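Structure first, then comments.
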Amino acid sequence: MLDWSQCSAVERVPGKGGGEWLFKATRVPVRALFENLEDGARIDDFLEWFPGVTREQVELVLRHAERSLAVA
């Protein structure tokens, strides 16, 4: 399991989003990015479908996941 507390693009707020890690200042769960990518969506698709999320946030999340998996 990734330690999202070290990623500045996400937040976990009690009472918001069921306690999931969300893209900061949104209600979009981080898992939605990975689920959509696994289903064949492109990053541009995701950004279109979830307009509150920025490209910078997506890039930070992907870099964080890549670094975390490289260490594992």
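Bear in mind that the values in this text are calculations on the coordinates, not laboratory data. What you are looking at is a predicted structure, and each value in this text was computed from that prediction instead of being measured. FYI the Cβ positions are ideal-geometry reconstructions off the backbone, even for glycines, and counts take in every protein chain you see.
Some notes on this structure:
- Mean shadow area of the chain, taken as a quarter of the surface of its Cα convex hull (nm²): 4.8
- Think of the chain as having a plus end and a minus end, set by charges on the Cβ of Lys, Arg, Asp and Glu; of Ala65, Trp4, Gly15, Gly15 sits farthest toward the positive end of this dipole.
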